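The values are calculated or read from the model by the stated rules, or taken from the named source; none is laboratory data. These figures come from a predicted structure and were not determined experimentally. Here the Cβ positions follow ideal geometry from the backbone for every residue, glycine too, while neighbour counts run over all protein chains shown.
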Amino acid sequence: MKSRFLTIACVFGAAFSLTAAELPPTLNSALAQGRAYAAAHPTKAGRFEPDIQKMIEAEKADPVAPGKILFMGSSIFRLWTTVRTDLAPLPVRNRAFGGSRTSDVLERFDLLVNPLAPKVVVYYCGSNDINGGESAEAIFARVHDFLQKLRTALPDTRFVFASIIKAPDKRARWPDVETANRLVRELCAVTPHCTFVDLNPAVFRPDGEPRMEFYKPDKLHYFPPAYSEFTAIVKPVVAAAWAEVAAGETGGR
């Protein structure tokens with residue numbers, strides 16, 4: 001099951017058929033809906049600033065080198081404390097910050113992403129949007145806008161979107177999670193250097209129910225064994241993106 005899934009994810013990442021300005025009508029419609037929703041429901045700017053400054057200060061003891069692989073997003077990634085060893089020897093750093101929504105990550109692009117000029121960005125965000133009542137289209141629109149900022153600033157950087165997980169705490173909104181994931185999956189299928197990777201198979205049983213042994217009491221965050229499952233899914237995709245970048249820099253394919 002996992003090997004078949006990984007093949008599908010890599011096919012999506014290889015599709016370079018359209019530019020963002022030539023999105024299919026369904027995605028253009030979702031983008032318009034999402035931006036209208038976001039305009040009507042603005043998120044307060046500057047959220048989590050003390051946490052972000054604390055993270056940046058802590059990095060002074062272990063500086064983040066530019067041109068590597070950056071994990072970005074919310075607490076699902078922030079709490080992946082073993083990500084650097086799990087993905088070794090890939091050069092990974094983690095700048096995810098807890099509680100963040102897609103609006104917060106978009107707002108911090110120029111502070112947390114662009115200065116590092118990462119060759120690969122691995123992105124997990126949207127769970128908190130769902131829990132905050134945001135629409136699937138609003139999530140999609142902000143992911144689209146983050147990707148556009150990335151393509152403008154760093155056109156050769158690879159973008160890996162790790163799907164929003166259908167955690168038990170948001171069961172009532174699983175259809176919205178599925179819609180947001182579908183929209184981003186379709187975006188990656190028509191956008192250069194964009195790959196969608198689905199984390200949900202790692203935390204679901206064959207009968208379609210969550211593997212509750214992975215979840216902490218909040219039914220949202222994970223015990224360490226879940227991150228071992230995520231590593232098995234994410235590492236091959238990120239390794240392929242990193243190899244692709246390296247091949248391009250050396251003139252190979």
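Of note:
- Selection from region 19-41 of residues that are among the hydroxyl-bearing types (Ser, Thr, Tyr) and surrounded by 13 or more Cβ atoms within 10 Å (Cβ to Cβ): TYR37
- Residue in region 104-129 that is nearest to ALA167 (Cα to Cα), counting only those that are touching a helix residue (DSSP H, G or I) at 6+ places or on another chain (Cβ under 6 Å) and in a helix (DSSP H, G or I): ASP129
- Within region 54-71, residues that are closer than 18 Å to VAL121 by Cβ and in a loop (DSSP other than H, G, I, E, B) reach partners that are charged (D, E, K, R) and at pLDDT 95 or above with beta carbons closer than 9 Å, at six or more positions or on different chains, in the pairs VAL64/ARG93; VAL64/ARG95; ALA65/ARG93; GLY67/LYS119; LYS68/ARG93; LYS68/LYS119.
- Scanning region 211-253 for residues that are under 21 Å from the mean Cα position of the chain (by Cα) and either under 30 Å from GLY99 (Cβ atoms) or surrounded by 13 or more Cβ atoms within 10 Å (Cβ to Cβ) (or both) yields a count of 28.
- Sole exception among (1) at pLDDT 95 or above; (2) out of contact with any Leu (no Cβ under 7 Å at 6 or more places or on another chain) for ARG4, by number: (1)
- For beta carbons closer than 9 Å, sequence separation of 6+ or different chains, a first residue in region 159-187 that is closer than 18 Å to GLU229 by Cβ and a second that is modelled with pLDDT under 95 and part of a helix (DSSP H, G or I), the qualifying pairs are VAL160/ALA9; VAL160/GLY13.
- Subset of region 120-156 (residues that are of a type in the set (S, T, N, Q) and surrounded by fewer than 20 Cβ atoms within 10 Å (Cβ to Cβ)): ASN131, GLN148, THR152
Listed here are the residues, each with its yes/no results for (1) at pLDDT below 95; (2) within 15 Å of the chain's Cα centre (by Cα); (3) of a type in the set (Phe, Trp, Tyr); (4) closer than 27 Å to GLU244 by Cα.
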site: ALA96; (1), (2), (3), (4): no, yes, no, yes
site: ARG108; (1), (2), (3), (4): no, yes, no, yes
site: PHE159; (1), (2), (3), (4): no, yes, yes, yes
site: TRP174; (1), (2), (3), (4): no, no, yes, no
site: THR179; (1), (2), (3), (4): no, no, no, no
site: ARG185; (1), (2), (3), (4): no, yes, no, yes
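- Check on THR195, of a type in the set (Ser, Thr, Tyr), assigned to a helix (DSSP H, G or I) and either closer than 14 Å to VAL160 by Cβ or out of contact with any Asp or Glu (no Cβ under 7 Å at 6 or more places or on another chain) (or both): no
- Qualifying residues in region 72-88 (those that are free of Cβ contacts under 8 Å to residues at least 40 places away in the same chain and hydroxyl-bearing (Ser, Thr, Tyr)) - the one farthest from LEU220 (Cα to Cα): THR85
- Search result, residues across region 42-56 that are surrounded by 13 or more Cβ atoms within 10 Å (Cβ to Cβ) and at pLDDT below 95: THR43
- Take the conditions (1) at pLDDT 95 or above; (2) more than 23 Å from LEU79 (Cα to Cα); (3) touching a Pro at 6+ places or on another chain (Cβ under 9 Å); (4) not hydroxyl-bearing (Ser, Thr, Tyr); PRO192 misses just one of them, which is (1).
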